[in-house]
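Asks: Structure in structure tokens, see below.
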């Protein structure tokens, strides 16, 4: 018996997880369509930046909700017992999370999110939705989605997983708290970092008026008349470094989760 | 702590609350790791959680988790993990325990869920079956059914360990008794060995000239334990034995280990 990985056991795990959480899966699918309606009612803004940022935000929020509900057994003691004694390897159990949260969730979310937005835009005779997605920060649709939405999503998912396996109590709360602190910290850091890199004419934009996003390669400068100017850093290293840091961190968190699961005690 | 369990045995793990019964079961199942010493279950070291080991054991914890589906669905998605799972037996046990095979777990009581889990655990036909306080949450008829099911599904190749502080629930069921006190195993003896060394009696009259090792009051009157000095035979009263042990652990440990 291969004790590290078996496709047969992995298939059984996938089947079991779906059967035990079918209702949550279906609720999540419905949740994926709601942002389009919500946006139409509450946020009738139509521009590329808004659409991409909305996609990233909803991916992170709905993805976070999906993961915490779909993998409840990682957080509760009685459920952890059944997870640990289930005849499958720790690697299979970690890959199961990766499979559902990334391989299954991300494509389904992307298709349903963009599809429902397209339909809503069509119904209300707005612009062709897909024209809003043609370019983002100098990138075409797919690389932009992968870089600005999926990569941070995988990074945050890896943090949630590590905390779920590592901690014995309030794992989800602590994980989200940690992510919030991380985002605030990175944003503050980016503000000062960008400040040192960006020039607007001969003057520096006011730090307090910058809205800085993660990963840091661009920033907005908002003047007193609330007019925003897109600032793109000229440092070619920032983006590759951001991507490498996020990718390696996510990988390390997944590997750490694997080892933590192996030695998790109840 | 030294403990060896042999195939075919149904072991009753007894002890007061906090004696370490659950911890011991968790150590054996690989849910906790020993700080020192070693544990071996068959060819496996539990803390390594080898898949082969995990498919050889089934652990029914005091708190159980069952997804909100039906026993039928549970069988479909969970049974394939256990190569020796007996589907016919599962249906038979579910029926005996009066759990609806097609009923949603969300509509069942905790006791019903626990019965379904016990039926599933037995049907997995694993080499090792560990149950922690399995009768907690069961009503009196279900406790009797539990005893009858464990006895009727006896397997000479299986080791069954049932931990409980409700000693009476294991009466006439176990063939070995392990008593745990202050995280130490005081004794691990067969019921025959207990019967060879001790006599159990009930009623207000203690035989003349006998010095009882323990006298206790019970719902059915006085119960007592005597030394078995003339090879008599009496049915072991687990509750009296346990109470006797609690009253004088050293004396009973000495007699039963002697």
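Asks: Give region A:25-80 a look and list any residue that's within 14 Å of another protein chain (Cβ to nearest Cβ) and buried (at least 17 other Cβ atoms within 10 Å of the Cβ), or say none.
Replies: Correct list: A:25, A:70, A:71, A:72, A:73, A:74, A:75, A:79, A:80.
Asks: While we're looking at this one, here's another question. Identify all residues within region B:15-26 that are within 14 Å of another protein chain (Cβ to nearest Cβ) and surrounded by fewer than 20 Cβ atoms within 10 Å (Cβ to Cβ); write none if there are none.
Replies: B:23
Asks: Can you report the number of residues in region B:16-35 which are within 12 Å of residue B:182 (Cα to Cα) and not in a helix (DSSP H, G or I)?
Replies: 5
Asks: Hey, among A:95, A:132, which residue is assigned to a helix (DSSP H, G or I) and under 24 Å from residue A:160 (Cβ atoms)?
Replies: A:95
Asks: Yes or no: region B:227-238 includes at least one residue that is surrounded by 13 or more Cβ atoms within 10 Å (Cβ to Cβ) and assigned to a helix (DSSP H, G or I).
Replies: Yes.
Asks: State the number of residues belonging to region B:76-99 that are surrounded by fewer than 21 Cβ atoms within 10 Å (Cβ to Cβ), within 11 Å of chain A (Cβ to nearest Cβ) and not in a loop (DSSP other than H, G, I, E, B).
Replies: Within region B:76-99, residues that are surrounded by fewer than 21 Cβ atoms within 10 Å (Cβ to Cβ), within 11 Å of chain A (Cβ to nearest Cβ) and not in a loop (DSSP other than H, G, I, E, B) number 5.
Asks: Is it the case, given these coordinates, that residue B:247 is closer than 29 Å to residue B:18 by Cβ, crowded, with 20+ Cβ neighbours inside 10 Å, free of Cβ contacts under 8 Å to residues at least 60 places away in the same chain and not assigned by TED's automatic domain parsing to the domain that holds residue B:25? Talk me through it step by step, then tell me what you get.
Replies: Numbers: closer than 29 Å to residue B:18 by Cβ: yes; crowded, with 20+ Cβ neighbours inside 10 Å: no; free of Cβ contacts under 8 Å to residues at least 60 places away in the same chain: yes; not assigned by TED's automatic domain parsing to the domain that holds residue B:25: yes.
Considered against the rule, which asks whether it is closer than 29 Å to residue B:18 by Cβ, crowded, with 20+ Cβ neighbours inside 10 Å, free of Cβ contacts under 8 Å to residues at least 60 places away in the same chain and not assigned by TED's automatic domain parsing to the domain that holds residue B:25, residue B:247 comes out as no.
Asks: Please state which of the following conditions residue B:48 fails to meet, knowing it meets all the rest: (1) surrounded by 15 or more Cβ atoms within 10 Å (Cβ to Cβ); (2) without any contact (Cβ under 8 Å) to a residue 24 or more places away in the chain.
Replies: In the conditions (1) surrounded by 15 or more Cβ atoms within 10 Å (Cβ to Cβ); (2) without any contact (Cβ under 8 Å) to a residue 24 or more places away in the chain, residue B:48 misses (1) alone.
Asks: Only one residue in B:254, B:193 is in a helix (DSSP H, G or I) and either touching a residue at least 60 places away in the same chain (Cβ under 8 Å) or over 24 Å from the mean Cα position of the chain (by Cα) (or both). Which one? Full working, then the answer.
Replies: Values: B:254 fails: either touching a residue at least 60 places away in the same chain (Cβ under 8 Å) or over 24 Å from the mean Cα position of the chain (by Cα) (or both).
From the options B:254, B:193, the qualifying one is B:193.
Asks: Let me ask something else about it. So is residue B:58 crowded, with 21+ Cβ neighbours inside 10 Å and outside any helix (DSSP H, G or I) or not?
Replies: Values: crowded, with 21+ Cβ neighbours inside 10 Å: yes; outside any helix (DSSP H, G or I): yes.
Against the criterion (crowded, with 21+ Cβ neighbours inside 10 Å and outside any helix (DSSP H, G or I)), residue B:58 qualifies.
Asks: Shifting gears a bit: Within region A:54-67, work out how many residues are free of Cβ contacts under 8 Å to residues at least 60 places away in the same chain and within 20 Å of residue A:133 (Cα to Cα).
Replies: 3
Asks: Going by the conditions given, is residue B:12 in contact with a strand residue (DSSP E or B) (Cβ under 7 Å, 6 or more places away or on another chain), more than 10 Å from chain A (Cβ to nearest Cβ) and crowded, with 23+ Cβ neighbours inside 10 Å?
Replies: Numbers: in contact with a strand residue (DSSP E or B) (Cβ under 7 Å, 6 or more places away or on another chain): yes; more than 10 Å from chain A (Cβ to nearest Cβ): yes; crowded, with 23+ Cβ neighbours inside 10 Å: yes.
Answer is yes for this residue.
Asks: Would you pick out the residues in region A:14-24 that are buried (at least 20 other Cβ atoms within 10 Å of the Cβ) and assigned to a helix (DSSP H, G or I)?
Replies: A:16, A:17, A:20
Asks: Can I ask one more? What's the number of the condition residue A:70 fails, among (1) touching a helix residue (DSSP H, G or I) at 6+ places or on another chain (Cβ under 7 Å); (2) without any contact (Cβ under 8 Å) to a residue 12 or more places away in the chain?
Replies: (2)
Asks: If you take the residues of region A:1-15 that are facing chain B (nearest Cβ under 9 Å) and in contact (Cβ under 8 Å) with a residue 24 or more places away in the chain, which of them is nearest to residue A:82 (Cα to Cα)?
Replies: Result: A:13.
Asks: Could you pull out the residue among A:103, A:119 that is in a helix (DSSP H, G or I), away from every other protein chain (no Cβ under 12 Å), surrounded by fewer than 16 Cβ atoms within 10 Å (Cβ to Cβ) and in contact (Cβ under 8 Å) with a residue 40 or more places away in the chain?
Replies: A:119
Per-residue answers, yes or no, for (1) under 25 Å from residue B:180 (Cα atoms); (2) assigned to a helix (DSSP H, G or I); (3) free of Cβ contacts under 8 Å to residues at least 60 places away in the same chain:
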| position | (1), (2), (3) |
| --- | --- |
| B:208 | no, no, yes |
| B:216 | yes, no, yes |
| B:240 | yes, yes, yes |
| B:243 | yes, yes, yes |
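The values are calculated or read from the model by the stated rules, or taken from the named source; none is laboratory data. None of these values were measured; they are calculated from a predicted model. Note: ideal-geometry Cβ built from the backbone for every residue, glycine included; neighbour counts use all protein chains shown.
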